[in-house]
Every structure is written in C-alpha cells, then in structure tokens.
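Inspection log for the structure reproduced underneath, given as structure tokens.
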Amino acid sequence: MMTVMFARGRAGNPAGQGLAQATPGESARLAFRRASLTFPDGTEAVRDVDLEVHRGEFVSLIGPSGCGKSTLLRIASGLLEPTSGEVRCDRSDIGYVFQDPTLLPWRTVEQNVQLFAELHAMPKRERAARTAEVLDLVGLSGAESKYPKALSGGMRSRVSMARSLLLHPSLFLFDEPFAAIDEINRERLNDSLIELFGIEKFAGVFVTHSIAEACFLASRVVVMTRRPARVSAVVDVPFPYPRTAGLRFDKEFVEITRHVSSLLLESHLADSREASSS
Amino acid sequence: MTAPSRQGDPAAPLAPAAEEIGPVPGAAGQRRSRLSLILVNAIPPAVVFIVAVGIWQLVSYVFLDPSRRFLLPPLQTVIDQSFFTSANATTLLQGFWTTAYLALIGLAISMVLGVLIAIVMHQSRYIERSLYPYLILFQTVPILALVPLIGFWLGFSSMSRIVVCVLISLFPIIANTSFGLQSATAPQHDLFRLHRAGRPRMLRSLWLPAALPAMFAGFRISAGLSVVGEIVGGFFFQKGPTDLGILINTYVDELNTPVLFGSVIMSAILGVLVFWLFTGLGRLVYGRWKE
C-alpha cells in the first residue's frame, strides 16, 4: 500500500506554478519544496527548505541546537504541516526515533517493540518473527522480558530503534537519538546504525549537533542555519557503505569533518552578523 | 532537552546486551543495609508509641480520680475487656466484619463509578468543564449533613450505608484518575499520532496504563474513607446489621468506655488493613514497571 501523499501548506504555495521544473526526482522518498513553517505564536521555525532524500541515501542535518531541525522532521512525519511550501512523503511506512527513547514503561522490551504492529494489526505469527529479528538486529536478544526501568540509556535507545524498525520503514527519521549518551556508547550505537542501514536499505534523515556523528553516518551532510532553519550548505561524504569504525581516523574523512565544522562556524557567524545588523 | 533518567552504561555493539544491567550489590551487604533500614524505620515510631502509652497510663492512674477513671480507662483494662472477654470480643469481631464487608462493597462501587466518570471527563473538555465545578462543590458539602437525608430517602438499611460510603469515597478516585489520565507525555502521544491511532486505542494502550499508579493512589485514600463512611452510616441509622458504628453508639449510651476504646481500635485496624490491601494490590499491578 504505497499511497503517495501531498501535504500542501495551509497557506498555499505562492510559487506553486514554478514547481514543475524544480522537480527532478519524482522518485524521492522525501522531498521538501520551499517548505516553511511559522508557529501560531509567530515564531518562524523553518524557512524555504528544499531537500530531497532518496532510498539508500543517508542525510544528516546539522546545525546549532534549537535551530528547527527537529521541526523539519516533525513536518516530514506529518506531525506538523508546513505553513507554506510543500512536503512530499509517503507516510505509510516511516520509522521515527525521537530524541528521548519514549518507551512505554508498563511494557516489556518485547511489548514495546510490538507497539506499532498492534496499531497496524500485524498478524500474530509475523509479529513474533519480526520482533525476534529486529531485537537481534539491535543486539537486544535475551532482554525481551525486561521492563524499561531495568535498562541503561543505550539499551533504551536500542529498543526505540528496534520498535521503529519493526514495520520495515523505507524512510527513517532520527531526531538526535543519541544526544544524551556518552561518547563511547554513542560511537557504538552509530556503528550499529550503519550496519542496520546496510541491511535494511532505508532512506535515512539524521538530526544531530555532533559533527563527527553527522559525517560518519551520512552520504550527505546538510548544514542548517540558526532559527529559522534554512539550508546553508550541503557536503557530500563519498565513502561507501558499510562503513566501519576505522573510518573515523581516515585522513580524508577527518578533512571532511573539518570542512563541515568550518561551514557550521561560517553560518553561525553570518547569522550573528545578520542579527547584530538588523 | 535531555532526560535525566538516562545514564550511559557500556552498551555492547551488536552483541547480546543482556549483561548491561547495573551492578548487583553483594547479597550480604544488601541484607545488612536492609536490616539497618528496618531499624531506622521502626525505632522512631516505636519510641512514639511507648511515650504515648506512658502518657495514657499516667493520665489514667495519676491525674484521674478513680471515680472518673472511666473517662480514660487504663490500657490493660481496654484490652482485657474488649479482646479477652469472650462476649465483647465476639461482638466486636462481628461488627468488624460487617463494617469491612459493607465498606468494601461501597468502595468497589466507587472504584467503578469513579474511574468511569474520570474517563468520560477525559473524553471531552466540555464534559469536564461542565462537571468539575459541581464535583468540587459536592466535595465541600459535609457528608455528615447528608447522612440523615439519605436515611429518609432510602431507609435505614445496609443500602443507605453503602451509599454513604460511595459519597464519601468517590471524589478522590475521580480526582486521582483524572490526573493520571493526563500523565502520558507529549512524545508518547506522538508515537500513537504518528500511526494514526484512534482514541479508544489510546485509552487502552496509553492513557489507562499511564493512569494506573495515580488511580491506585486514589483507591488507597478512598479505602480508608469508605470505612469511615460505613461507620458514620451505622452510627446515625442505628438499624440494619450490627457494625462498628452501631456498637460505638451503644457503648457510648452504656458509658462502657473500655469497649468503646476497643471498637475505636478495631476501626483503626480495619482502616490500616484496607490501606495496606490497596498498597499491595498497587504493587502487584504496577510494581514491576513503575520507575
């Protein structure tokens, strides 16, 4: 059931007619076209974002915290609608990993992972088989009957990932899922994620404010400006998947992270100038 | 936004991560600390108990003239006449069971009604807005003033006593359940909204489970209140099966203060027992997962 939905901005799209030539990829798994969002209280969160993500592609969104990256994911998932511009996205199979693992404390690991299967009435036998499969993928086999309160932060993140994996999402949205986890465990979780990406072949969008994490995971790093979030630069990370932990020490890779870092600083400085001049 | 509950343990990469759970302290160390915990918790109330009994005996023997000693009979007289005099003990125990039985029926009705009302109020903001002021108003009416009316309307039977129990124990259950139904977090709601779950599903899989701890807090408070309601009912109506309320009234008329104290002690014991019952039931229901 691949229904393609067009979520048109409530305020309509003034540049709607001009879109025809600006649509190179109908095949994009997720496409923003001049998408903007202003909250009812007047806060402008996202301005004129153009972005396409294809299946098999992993895009990292990086920018200062609180810049509106998470809002962009909420728009992609349909939890929010853009106030102008368009978002093209098939919402029938999205995996969404929140900043907080957001487990239901009254459910065991296994029951938490099966939540979406229940919401979509997946047949029991298929549910059991797929649960075992995803728990194995994230390295949680054996923890099925534990309650969230007995799990560490890293394990909770894994449960959250397994839960989103259950329905074979073709688009995976990650909202700083490892932000509260220490460096060593975060790297391990990133290694796991890269491995998952190789196996499940989804389109990935990963919001983070860690430069190393963004570059390690992504085939494309999108640098965002401060609020309102705009695309300030796009950097390709041309290393093949599956990537291994050793990549972090590769000379060329380090060079790219340095480049992204300077772009981020530039965009930050430009913002500050703009803010002080206005 | 960072969750304070998170702590990074060494997370195995793709290997089984089952051993990641925090260190288990040595059994011996735990036993010793548990013993000291019990002592720390038990000694202060025990001291208070001894002091209170001391004051009681002091007042009874030293301050009260023997002719007026019935106002506060010595503790051993209370215990001897209430629990070691076979006729009185049998009567008290019978009253205890009647009170327990009727109070629990009233409480059960309150639990069902209270949870249902809270759910209905949670379904619509308008229903909540229209009902809530009256619930508060109803709560402020002294139930004691209503008890005679209930007697006039429904007769002086056990049924009226159960109604008193319900009236007095309903509000805490509604209030706590309402609070609990709102305790699911915004990201938890997003999980369900993302998959376009309907309200019945959210009620079953999100709001009600999240409400359980608060709901049981309400049950615990109401359990004690229901016992009070039953005794008040019996005390006023003086008809129907003999409960602690009827007994208290009778002993007051007879100026039989030792057994009067005995029935007060029985009432207190019942109150504590129902409180423990619902604390235990709560642990059974959510103890495994509550953080």
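Each reported figure results from applying straightforward, stated rules to the coordinates on display, with no laboratory input. Note that this is a predicted model, so its numbers are computed, not measured. Note that we place each Cβ from the backbone using ideal geometry, even for glycine, and neighbour counts take in every protein chain shown.
Multiplying the residue separation of B:TYR126 and B:LEU149 by 0.36 nm and subtracting their alpha-carbon distance yields 5.1 nm.
Just tell me how shielded B:194-204 is by partners: mean number of partner chain Cβ atoms within 10 Å of each residue's Cβ, no decimals.
Per residue, the average neighbour count from other chains is 3.
Label-to-label distance, A:PHE249 versus B:ALA52, with points set 7 angstrom from Cα along the beta-carbon direction: 6.9 nm.
Placing a pseudo-label 7 Å from each Cα along the Cα-to-Cβ vector at A:THR38 and B:PHE84 gives an inter-label distance of 8.6 nm.
Taking only the alpha carbons of the stretch A:103-169, we obtain Rg and Dmax values of 10.7, 31 Å in that order.
Between the Cα long axis of helix A:183-200 and the first principal axis of chain A there is an angle of about 90°, rounded to the nearest 10. GNM remark for chain A: springs join alpha carbons under 10 Å apart, and the peak mean-square fluctuation among A:ARG227, A:ARG163, A:ARG243 falls on A:ARG243.
Tilt of helix A:251-277 relative to the longest C-alpha principal axis of chain A, in degrees (0 to 90, nearest 10)? Roughly 50 degrees between the two axes. The residue list A:SER70, A:ASN112, A:CYS89 was ranked by how far each Cα lies along the charge dipole of the stretch A:49-112 toward its positive end, using unit charges on Cβ atoms, and A:ASN112 comes out on top. Membrane-span-like helices in chain B (whole DSSP H runs, Cα extent of at least 24 Å along the helix axis, mean Kyte-Doolittle hydropathy of at least -0.5): B:27-58, B:86-123, B:158-181, B:208-237, B:257-286. What does the C-alpha gyration tensor say about the overall shape of the stretch B:77-286? Classify as rounded when a/c is under 1.5, otherwise prolate if a/b is larger than b/c, or oblate. Prolate. For the stretch B:77-286, with the dipole built from +1 on Lys and Arg beta-carbon atoms and -1 on Asp and Glu ones, taken about the Cα centre, which of B:ILE168, B:VAL252, B:SER124 lies farthest toward the positive end? Final value for the positive-end residue is B:SER124.
Straight-line cross-link reach from B:LYS239 at under 15 Å between alpha-carbon atoms covers these aspartates and glutamates, not counting any fewer than eight positions away in the same chain: B:GLU230. To the nearest ten degrees, helix A:153-165 and the longest principal axis of the Cα atoms of chain A are 80 degrees apart. Semi-axes of the equivalent ellipsoid of the protein assembly as shown are 64, 28, 21 Å, computed as sqrt(5λ) over the eigenvalues of the C-alpha gyration tensor in descending order. Highest-first packing order for the peptide set A:31-43, B:278-290 is A:31-43, B:278-290, based on the mean count of other beta carbon atoms within 10 Å. Here the protein assembly as shown is treated with +1 on each Lys and Arg Cβ and -1 on each Asp and Glu Cβ, and its dipole about the Cα centre works out to around 720 debye. For the stretch A:103-169, the residue among A:VAL138, A:LEU103, A:ALA162 whose Cα projects farthest onto the positive side of the dipole built from Cβ charges is A:LEU103. When each of the peptides B:86-94, A:205-213 is scored by the mean number of other C-beta atoms lying within 10 Å of its residues, the order from highest to lowest reads A:205-213, B:86-94.
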